[in-house]
Amino acid sequence: QVQLVESGGGLVQAGGSLRLSCAASGGTFSRSAMGWFRQAPGKEREFVAAINWRGSSTYYADAVKGRFTISRDNAKNTVYLQMNSLKPEDTAVYYCAFYASGYVYATKSYDYWGQGTQVTVSS
């Protein structure tokens, strides 16, 4: 059973930065792609970024491209999301997820999820 624990969320002013972390246990983290998603109040959960198991390929939603960077440390079983130039519209609960199969941008392609961490960006 895979367990994912996110951390690093908080309140930040527009233009600021945060780094989210997701620690994994109980699975083959070093052989699995990982993803970050977010869900704002009243909206569906949406794809933010993903990274392959080696860290050599990354994928981003258009809304965050150029501002967010996903990375991983397989020795620490941890995936990160560096978020720069934050905007109020980035406010959401951010989730990391363990990739299973299929389209990397789709929520249904991931079979384990963390509990989420709140990110709030004030204007």
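The values are calculated or read from the model by the stated rules, or taken from the named source; none is laboratory data. Values in this document were obtained by computation on a predicted structure and should not be read as measured data. Neighbour counts run over all protein chains shown; Cβ positions are idealised from the backbone, glycine included. For the accessible areas, the whole protein counts, side chains as well, though only heavy atoms, and no ligand, DNA or RNA atoms are used. Shrake-Rupley method; radii C 1.70, N 1.55, O 1.52, S 1.80 Å.
Brief remarks on what is shown
- Being within 22 Å of ASP111 (Cβ to Cβ) and without any contact (Cβ under 8 Å) to a residue 24 or more places away in the chain is a description that does not apply to ARG38.
- Hits in region 61-106 (condition: outside any loop (DSSP other than H, G, I, E, B) and touching a Gly at 6+ places or on another chain (Cβ under 7 Å)): SER71, ARG72, VAL93, TYR94, TYR95, CYS96, ALA97, PHE98, TYR99
- Checked across region 99-121, the condition of being open to solvent by less than 30 Å² (accessible area, probe 1.4 Å) and over 15 Å from the mean Cα position of the chain (by Cα) holds for at least one residue.
- From the list ARG45, ARG54, the lone residue that is touching a helix residue (DSSP H, G or I) at 6+ places or on another chain (Cβ under 6 Å), closer than 22 Å to TYR103 by Cα and open to solvent by 30 Å² or more (accessible area, probe 1.4 Å) is ARG45.
- Residues in region 69-98 that are open to solvent by 40 Å² or more (accessible area, probe 1.4 Å), under 29 Å from GLN13 (Cβ atoms) and more than 13 Å from the chain's Cα centre (by Cα): ASP73, ASN84, SER85, LYS87, PRO88, GLU89.
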